[in-house]
Amino acid sequence: MEIGVNVPNFGPGARPDVLRQWARTVEGLGYDLLMVSDHVAVTPDVAEQYPAPFYEPFTTLSWLAGITDRVRLGTTVLVAPYRHPLLIARMAANLNQLSGGRLVLGVGVGWAQQEYEALGVEFGQRGKLTDETLQAIRTAWEDDADYRSGDIPVWVGGMSDAALRRAVRHGQAWHPIWFTLDWLREALDRLKGIAEELGRPVPGLAPRVVLKLTDEPVTGPERPAGEGTIDQVMDDIEELRRLGAESVLLDPFNGDPEETLHPEAAWQALAAVAARRGKATDQGR
């Protein structure tokens, strides 16, 4: 199972030199995947949670591809209706080619209504538009030599039954974000039922969890996966593996944009997980 990191490409601390260090830290610690988020128009609803600067993901990943050598690169998640599907298909194919086949395309419907309005896209049609975009991207990759992409995995985000159906129809993996393990177990049963109903294979599992280390154990049914002591976090990662996860993405951003000014705390948490992961690998040999 591969483990990746969601890197904050936004906020007051998101300077080029800091993003460069993020990439070198993630790759240097041995993580398998580096992903960034997507917003195009930093409208007030976006800025409240993810203030400017907000670096566009294709641009950012293309730059980071030249800084890194091994780590895979991806989006968590690209808001599908924000761009013309042929533009997404071309940019993804080019980035995959230029990076040596390292792209993972995570896609979702988005949530920021003001941003939709600023871009002139119908918010109420976002599910339908996402389905159409995913189909158009796949068709372009398969049928047009100008858009040949190699093998780009598509992860479909979202937590609703509509998102699960979308993942079954269009995704190599389902990409849920921030949840309890009990919720995930129930959702996986729903995912399997939907796949059986549609007569399609069950997509892989590639979740994104918080990474929030604490000195004392965190208890209670509402504890999100990835929050707690290092032992709890490593147990969560192992449980995700047992549930079938092929990739797990750690998200060290805990919601305060000021965190981006002090990334050292996140790097220390990632180093702790990497050290435990390396120790477990050595013991398994």
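Does region 182-285 come out rounded, prolate or oblate by the C-alpha gyration tensor, with a ≥ b ≥ c the root eigenvalues, rounded set by a/c under 1.5 and, if not, prolate when a/b is larger than b/c and oblate if not? Here region 182-285 falls in the prolate category. From the Cα gyration tensor of region 2-283, with a ≥ b ≥ c the square roots of its eigenvalues, which class applies: rounded if a/c is under 1.5, or else prolate if a/b is larger than b/c, or else oblate? Judged from the Cα gyration tensor, region 2-283 comes out rounded (a/c under 1.5). Which loop-located GluC sites (Glu not before Pro) does region 146-240 contain, where loop means any DSSP state but H, G, I, E or B and the Cβ has at most 15 other Cβ atoms within 10 Å? Qualifying residues, ordered by number: E222. Span-like helix criteria (full DSSP H runs; alpha carbon extent of at least 20 Å along the helix axis; mean Kyte-Doolittle hydropathy of at least -0.5) are satisfied in the chain by 181-198, 264-283. Counting Lys +1, Arg +1, Asp -1, Glu -1, what net charge surrounds N96 among other residues with beta carbon under 13 Å of its beta carbon? Net charge in that neighbourhood comes out at +3.
Heavy atoms of the protein chains alone define the surface here; on that basis the chain has 45 Å² accessible area per residue at 1.4 Å probe size. Diffusion coefficient of region 129-172 by Stokes-Einstein, Kirkwood radius over Cα pairs, 4 °C, 1.567 mPa s: 116 µm²/s. Of all DSSP beta bridges confined to the chain, the antiparallel ones make up roughly 5%.
The label point for L243 and the one for R15, both projected 7 Å from the Cα toward the Cβ, are 3.9 nm apart.
For the chain, the share of accessible area belonging to carbon and sulfur comes to 50 percent (1.4 Å probe, ligands and nucleic acids excluded).
Farthest towards the positive end of the charge dipole of region 2-283, among the residues T76, V104, V209, is the Cα of V104, using unit charges on the Cβ of Lys, Arg, Asp and Glu. Take the alpha-carbon centre of region 129-165, take the same for region 23-82, and report the distance between them in whole Å. So the separation of the two Cα centres works out to 19 Å. Placing dummy labels 7 Å off each Cα toward the beta-carbon, the span from R70 to I230 is 2.1 nm.
The values are calculated or read from the model by the stated rules, or taken from the named source; none is laboratory data. Here the structure is a predicted model, which means the values were calculated and not measured. A quick note on method: Cβ atoms are made from the backbone with ideal geometry, for glycine too, and the neighbour counts reach across all protein chains shown. Note: areas computed on protein heavy atoms with side chains; ligands, DNA, RNA excluded. Shrake-Rupley method; radii C 1.70, N 1.55, O 1.52, S 1.80 Å.
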